[in-house]
Ligand code: ATP
């Protein structure tokens, strides 16, 4: 039975990374007693439009954003891979590398509700736990989930983060985080309109965006 503190994994497009992502990672680490959070920027995400900034820029912005936090680390493999990145192969790689230490896939409640669209999504539960960030006062309720997801979660929902140490995979634990209505799309829209993104993302990321003239035109152009 695993004893070691679990490792959190935060995948995303990070186009660009912002304080919503950073608080998600920080609050997950505290609430779920994680050893660390690995940030995994996507290369070419399979479920959505191509990112605006290329993978090398998004990787560098995450590197700048997490610098100085000893509990955060960067996993560049998906961003540096040629084809579309899928989470199941990433988890298989990390499971093999971490030798049985539990992994906790972190995500916002919005992303969790759409889990059925992920490639080989049912296998996720064999490879990792899932930590879902919710707004205070909102639990994850199977009655509000798509039926297949609710069925897959039956018997997996746990209130106690200790459940993440007691098994190597397969539990779903919600944790509340400070609500921050920041999204990368909102930031891209602000930047394209020539508006300030200051205080919504780390200063170093803002400076990087300026230096490299990223997000100067609206999405889709
Ligand atoms: P976009 O606006 O382009 O869809 P995003 O800001 O949602 O992007 P992603 O890279 O798609 O960023 O998200 C990565 C993860 O971070 C997802 O699990 C998402 O739910 C979570 N997340 C994003 N923004 C926030 C936020 N403000 N608060 C909590 N979680 C967030």
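The values are calculated or read from the model by the stated rules, or taken from the named source; none is laboratory data. Note that the coordinates shown come from a computational prediction; the quantities given were computed from them, not determined experimentally. Here the Cβ is made from the backbone with ideal geometry for all residues, glycine too, and neighbour counts use every protein chain on show.
Just a few scattered comments:
- The lone exception for residue 34 - which of (1) assigned to a loop (DSSP other than H, G, I, E, B); (2) in contact with a strand residue (DSSP E or B) (Cβ under 8 Å, 6 or more places away or on another chain); (3) within 14 Å of the ligand (Cβ to nearest atom) it fails: (3)
- The residues in region 96-111 that are assigned to a helix (DSSP H, G or I) and within 12 Å of the ligand (Cβ to nearest atom) can be counted, and the count is 3.
- Per the conditions (1) more than 13 Å from the ligand (Cβ to nearest atom); (2) more than 15 Å from residue 13 (Cα to Cα); (3) in contact with a strand residue (DSSP E or B) (Cβ under 9 Å, 6 or more places away or on another chain), the sole criterion not satisfied by residue 81 is (2).
Yes or no, residue by residue, for (1) at pLDDT 95 or above; (2) outside any loop (DSSP other than H, G, I, E, B); (3) surrounded by fewer than 14 Cβ atoms within 10 Å (Cβ to Cβ):
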{"residue": "17", "(1), (2), (3)": "yes, no, no"}
{"residue": "26", "(1), (2), (3)": "yes, yes, no"}
{"residue": "30", "(1), (2), (3)": "yes, yes, yes"}
{"residue": "47", "(1), (2), (3)": "no, no, yes"}
{"residue": "50", "(1), (2), (3)": "no, no, yes"}
{"residue": "58", "(1), (2), (3)": "yes, yes, no"}
{"residue": "70", "(1), (2), (3)": "yes, no, yes"}
{"residue": "94", "(1), (2), (3)": "yes, yes, no"}
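- Residue satisfying all of: in region 54-74; within 15 Å of the chain's Cα centre (by Cα) and without any contact (Cβ under 8 Å) to a residue 40 or more places away in the chain; nearest to residue 204 (Cα to Cα) among these: 63
- Verdict on residue 149 being at pLDDT 95 or above, closer than 26 Å to residue 15 by Cβ, in a helix (DSSP H, G or I) and touching a strand residue (DSSP E or B) at 6+ places or on another chain (Cβ under 7 Å): no
- Within region 126-146, the set of residues being buried (at least 18 other Cβ atoms within 10 Å of the Cβ) and assigned to a helix (DSSP H, G or I) comprises 127 only.
- The listed residue being more than 21 Å from the chain's Cα centre (by Cα) and within 14 Å of the ligand (Cβ to nearest atom), out of 174, 181, 192, 166: 192
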